[in-house]
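The structure under discussion appears below in the form of structure tokens.
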Amino acid sequence: MARTMTTFGLILLAAFFLSLSGCTTKTPTTHPTAETLAAEQKAFDMVNAQRTAAGLSALVMDETLRAVARAHSEDMVNRAYFDHVNPDGKDSFQRMDAAGLNYMSAGENIAWNNTATPAETAVAGWLASPHHLANIMRAQFNHTGMGAATDGHGAYYFTQDFIGTDAKSGGEAVFDYGEPLAIAEN
């Protein structure tokens with residue numbers, strides 16, 4: 001009994017010192033909330049509405065690519081950064097490769113906002129930005145993954161990864177991502 005209490009005490013002491021040092025063991029959640037799932041679906045539907053209105057085929061949601069996009073959004077929340085390249089130096093293409101995705105072309109859009117309509121704001125921002133719009137309207141891209149995460153305080157992070165899987169989709173291979181897009185509401 002004394003040995004168990006000593007071990008338990010040491011674990012509590014270690015946890016206390018880790019919390020004082022600022023170390024955390026946060027890992028991205030793999031279980032999205034109903035709100036983030038709804039935001040992902042809304043953004044996906046809005047992007048496809050723009051593509052089909054322009055005469056392009058709708059993007060197909062790829063669940064592996066969606067997991068990559070969602071994990072990146074969750075990572076940005078959990079490690080407090082906003083960029084295509086994570087603090088470990090991995091970019092979107094390296095994350096896609098690590099997931100075993102095969103593609104001929106790829107791209108990524110990310111957005112952050114704290115508005116009452118997060119999906120609508122993210123997509124509107126992408127559509128207003130020539131570089132982000134180019135990724136959305138790129139005919140070579142035929143699959144996508146839309147991932148959203150929230151910090152629990154009203155801020156939403158979106159990642160949309162795109163891939164083109166058809167070697168005959170036309171044009172040269174494209175590997176591109178737009179500048180990070182952040183919109184804050186006061």
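Some notes on this structure:
- Number of positions in the stretch 82-95 that are closer than 18 Å to residue 148 by Cβ and part of a helix (DSSP H, G or I): 2
- Taking the criterion of being of a type in the set (Val, Ile, Thr) and buried (at least 17 other Cβ atoms within 10 Å of the Cβ), the residues of the stretch 116-164 that qualify are 121, 123, 136, 144, 150, 159, 163.
- When residues of the stretch 111-166 are limited to those that are within 18 Å of residue 70 (Cβ to Cβ) and of a type in the set (Asp, Glu), the one modelled with the lowest pLDDT: 151
- Total residues in the stretch 110-137 satisfying the condition of being part of a loop (DSSP other than H, G, I, E, B) and among the small types (Gly, Ala, Ser): the figure is 2.
- Cβ pairs under 8 Å, 6+ apart, first in the stretch 138-154 and among the polar types (S, T, N, Q) and assigned to a strand (DSSP E or B), second open to solvent by 40 Å² or more (accessible area, probe 1.4 Å) and modelled with pLDDT under 95: 150/33; 150/35
- For residue 107: the one exception among (1) within 15 Å of the chain's Cα centre (by Cα); (2) in a loop (DSSP other than H, G, I, E, B): (2)
The values are calculated or read from the model by the stated rules, or taken from the named source; none is laboratory data. All values derive from a computational prediction rather than experimental measurement. Glycine also receives a Cβ, built like all others from the backbone with ideal geometry; neighbour counts cover every protein chain displayed. Calculation scope for accessible area: heavy atoms of the full protein, side chains included, ligands and nucleic acids excluded. Shrake-Rupley method; radii C 1.70, N 1.55, O 1.52, S 1.80 Å.
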